[in-house]
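Here is the structure we will look at.
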Amino acid sequence: MPSSTRWRAPGRVNLIGEHTDYNDGFVLPLAIPHGCTAEAVRTDETELVVSSAQKDQPARFGLADLRPDPGAGWAGYVAGVVRALQHNGTQVPGLRISVDSDVPPGSGLSSSAALTCSVATAVDDLLELGLDRGQLLAVTRSAENDFVGAPTGGMDQLASLNCTAGHALFCDMRSLRSDQVPLDLAGEGLVLLVIDTRAEHRHSDGEYGRRRQGCERAAAELGVPALRDVTDLDAALTRLEDEELRRYVRHVLTENQRVLDAVRLLRDKRVRDIGALLSGSHASLRDDYRVSAPELDVAVESAEGSGALGARMTGGGFGGAAIALVGQDDVGAVTDAVTAAFAARGFTAPRTFSVLPSEGAHRLP
Ligand code: ADP
Ligand code: MG
C-alpha cells in the first residue's frame, strides 16, 4: 500500500451546451491545461488535515464526526470527499491532504471540480479503493452538493474525471454517460481563447433559480419529464402562453440541437465549422435565455470582429468567462481587440489565455 499519492485533475470549459444540464440535455466540455494537484499522505492520527498552497491556514477535521458543513469554507470541498467515502462504508485513516491549483477560482473554469476530483482520485489510489469513474463522480458531486451545499449538476466533475487530451467529452446529462469526441485544435492550427472577463456573477443565484424553475414549469405544461423530451419546438411554442417560458424553451431546444450538430461536425473533422454554432449559442443565451452580461457581449463581439471563427459566453453567465475559436496566428490580434474594447468601455482588464483539450484526472509520479 502506498504511503502517499499525487494526482492532478483539470478545470474545464464547456465548448457548447449551456443551461441544458438541468434540463436533462447535452453538454460538450473539454479539460483545460490548468488543474489542481492533490497529495494524500496517510498519518497515525484520527484527523484529516487539509492545506492549500492558495490559503494561509490549514484546516483540521475530526474523522469520527465529519458532518456536512457549508460553513467550512474551501476546506469543505476536501472534507466533503472524505465524508462521501465514509458514507460509502470506507474506513478512512488519518490523512494529510495538500492541494495546489492554478485554476482561477470563481471564473467558471471549475476550480472546485479540479479540487474535488484531484482529492478523490488521490485518496482512492492511496487507500486502494478501486472506485470506478462513476463512483468517483458520485463522491465528488456529493462533496459539492451535500457537504458544501453548492447545487452543481455533475458536468464539471464528469469532465475533470473523464476528459482526454485532444478530445471534447459529449455528455448526456440524463444518463450521465459520456463519449470522447475528437477535437484536434492543434492539428487545425486553432486554439480556444479563454477570456476571463473578471466580471462578478451579478444576481446569478436568483436568476439561475428563476431559469431553472421556468424550465420545470414549461416541462410540466408540456407534459414531459424534462425539456429534453420535447420533440417539436414549434408545437411547444404554440402551446405555451407565457412569453418568458417560450424563450426559455427555444433556447434549451436549439442549444441541445447545437450540441448534437457540433458533435457531428467534429466527428466529420470539420472543426472550423463549429464556429458558427458557438456564435449561435451566444445569441440564444443573450436574447432568449437572457443570462449574458455586458462584459460577455463585448468579449464575444470584439473577438468575432477581429478574426475569431466563433465565440460565446461559457458557464452560467452574468459574468465569468467567454471562449473564442481562434487561428493560432490570430491570437494576438483577437486578444488586443478584446483588451481594447474592454478599456474603451471602462471595464476591468480581462485575463486571456489559450487552451487545447487536455488530459482528465491522472496520477503524477
Ligand atoms: P469555480 O468552480 O467555477 O471556480 P466555485 O465557486 O464552484 O467556482 O468554486 C470555487 C471555490 O473552490 C473557491 O471559493 C474555494 O472555496 C474552492 N477552491 C478552488 N480551488 C482551491 C484551492 N486551490 N485551494 C483552496 N480552495 C479552492
Ligand atoms: Mg465550481
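The values are calculated or read from the model by the stated rules, or taken from the named source; none is laboratory data. These numbers come from a predicted model, not from an experiment. As a convention, Cβ positions derive from the backbone with ideal geometry for all residues, glycine included, and neighbour counts pool all protein chains shown. Ligands, DNA and RNA are stripped out before the accessible areas are found, and what is left, the full protein with its side chains, is counted by its heavy atoms. Shrake-Rupley method; radii C 1.70, N 1.55, O 1.52, S 1.80 Å.
Counting only protein chains, not ligands or nucleic acids, how are ARG267, ARG8 ordered by accessible area (probe 1.4 Å), most first? Provide the component values of the computation, followed by the final result.
Working: ARG267 115, ARG8 50 Å².
Ranked list, largest accessible area first: ARG267, ARG8.
When only Cα pairs below 8 angstrom with a gap of at least 6 residues are kept, the chain shows a relative contact order of 24 percent.
The radius of gyration of the Cα set in the chain, together with its Dmax, comes out at 20.7, 66 angstrom.
Whenever you get a sec, line up MET1, MET155 from highest to lowest accessible area (probe 1.4 Å, protein heavy atoms). Let's see the in-between values first.
Numbers: MET1 150, MET155 15 Å².
Ranking MET1, MET155 by accessible area, largest first, yields MET1, MET155.
Let me cross-check SER51: its accessible surface, 1.4 Å probe, with only protein heavy atoms counted, in Å² to the nearest 10? We get 40 Å² for SER51. Of the residues TYR22, TYR248, ranked by 1.4 Å probe accessible area with the largest first, the sequence reads TYR22, TYR248. GNM on the chain, alpha-carbon springs under 10 angstrom: the most fluctuating residue among PHE170, PHE318, PHE347 is PHE347. Of the whole protein surface, GLU128 contributes about 110 Å² of accessible area at a 1.4 Å probe radius.
For the chain, which whole percent of the accessible surface, found with a 1.4 angstrom probe, sits on carbon and sulfur atoms? Please list the in-between numbers first.
Values: 6950 of 15020 Å².
Carbon-and-sulfur percentage of accessible area, whole number: 46.
Springs between Cα atoms under 10 Å define the GNM used for the chain, and in it the highest mean-square fluctuation of ARG258, ARG272, ARG60 occurs at ARG60. A crude spin-label estimate for the pair LEU129 and GLU241, with each label 7 Å from Cα along the Cβ direction, gives 5.1 nm. Taking the Cα centre of the chain as origin and assigning +1 to Lys and Arg Cβ atoms and -1 to Asp and Glu Cβ atoms, the resulting dipole is close to 180 debye. Between ARG267 and THR348, the distance separating the two model label sites (each 7 Å from Cα on the Cα→Cβ line) works out to 4.2 nm.
Is it possible to state the helix-based mean residue ellipticity at 222 nm for the chain, with each DSSP H run of 4+ residues giving -39500 (n - 2.57), the sum divided by total residues, to the nearest 500 deg cm²/dmol? What is it? Before the final figure, lay out each step's value.
Values: 10 runs with 138 residues, N = 365.
The helix contribution divided over the chain gives -12000 deg cm²/dmol.
GNM on the chain, alpha-carbon springs under 10 angstrom: the most fluctuating residue among ASP56, ASP287, ASP179 is ASP56.
Projecting label points 7 angstrom from Cα along Cα→Cβ for ARG217 and ASP297 puts them 2.4 nm apart.
Heavy atoms of the protein chains alone define the surface here; on that basis the chain has 41 Å² accessible area per residue at 1.4 Å probe size. A 1.4 Å probe, protein heavy atoms only, puts the accessible area of THR339 near 60 Å².
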